[in-house]
Amino acid sequence: MTLRPRSQWGTMPVAPTTYGRSVLGLPLEVWRPRARCELLVFAAIHGEEPETTWALSRALRQLATPPEHVAVVLAANPDGLLRGTRANANGVDLNRNFPASNWRAGTVTSRATIDAPSDVVLSTGTAPASEPETQALLALITELRPDAVIALHAPLACIDDANTSELGRRLAERTGMPLVPDVGYATPGSFGSWGQEHGVPVITYEFPVIANEDTMALHVPVLVELLTGTLP
């Protein structure tokens, strides 16, 4: 696939389509592939992880045409991304709102920083898939039927792949980050839990705690390889 010169990276090569609306009415946008969807990559289901959107956007903007077999969602939680919050505008952690059998009603906690205790309280939603962002992402996956999904997160510095798939192994080798079967703590109602139960292979690509410029230098090339099907 032909890449654009750096002078053209300031704009998107093609327009997205809308696959839903957020709580605040913002469009949920997807850049669709030119052919059958083999992979879906999405960023910023946690709005306080903006580096995932920045990196995926920069990778997408390098392409002269839409990816052939990869769909891209730059912000699965645009309200949270704009507000700088982990949760959506309803205060729901979307990655605890998926209709997996381990979904739990009530609250969940998260860390303000990686070194802080897990004491920031958020909701898991009034019911599984109670949130429009969750519902829309599930509908998109049903429509696209990708062979696998990569969810971009930060800042745990690992490739989390419960299936230890070939793609997971390749990503771990390419990034130098460890391949792990889980992140070391329970994630009830997570997208990964839902995928495991519904036969949707999910890989969580966790960026490390590094400067934004280093993220762009080290991880954007990997994302470009994913989008163009050239990952070693």
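The table below lists the values:
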{"quantity": "Among the candidates T142, T126, T134, residue that is polar (S, T, N, Q), open to solvent by 30 Å² or more (accessible area, probe 1.4 Å), under 17 Å from V200 (Cα atoms) and modelled with pLDDT of 95 or more", "calculated": "T142"}
{"quantity": "Filter result (touching a helix residue (DSSP H, G or I) at 6+ places or on another chain (Cβ under 6 Å) and either surrounded by 22 or more Cβ atoms within 10 Å (Cβ to Cβ) or of a type in the set (A, V, I, L, M) (or both)) within region 1-29", "calculated": "M1, S22, V23, L24, L26, L28"}
{"quantity": "P5 vs. criteria without any contact (Cβ under 8 Å) to a residue 40 or more places away in the chain and touching a strand residue (DSSP E or B) at 6+ places or on another chain (Cβ under 6 Å)", "calculated": "no"}
{"quantity": "Positions within region 101-131 being in contact with a strand residue (DSSP E or B) (Cβ under 6 Å, 6 or more places away or on another chain), of a type outside the set (A, V, I, L, M, F, W, C) and under 15 Å from N88 (Cβ atoms), in sequence order", "calculated": "T107, S110, S123, T124, G125, E131"}
{"quantity": "Residue check for G189: surrounded by fewer than 18 Cβ atoms within 10 Å (Cβ to Cβ), of a type outside the set (K, R) and on the phi > 0 side of the Ramachandran plot", "calculated": "no"}
{"quantity": "Where a residue in region 196-211 is within 14 Å of T164 (Cα to Cα) and modelled with pLDDT of 95 or more and its partner, wherever it lies, is open to solvent by less than 20 Å² (accessible area, probe 1.4 Å) and acidic (D, E), with Cβ under 7 Å and at least six apart", "calculated": "I203/D161"}
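The values are calculated or read from the model by the stated rules, or taken from the named source; none is laboratory data. Because the structure is predicted, anything quoted here is derived from the model rather than measured. With ideal geometry, Cβ positions are generated from the backbone for all residues, glycine too; neighbour counts draw on all protein chains shown. Keep in mind that these areas ignore ligands, DNA and RNA; they rest on the heavy atoms of the full protein, side chains included. Shrake-Rupley method; radii C 1.70, N 1.55, O 1.52, S 1.80 Å.
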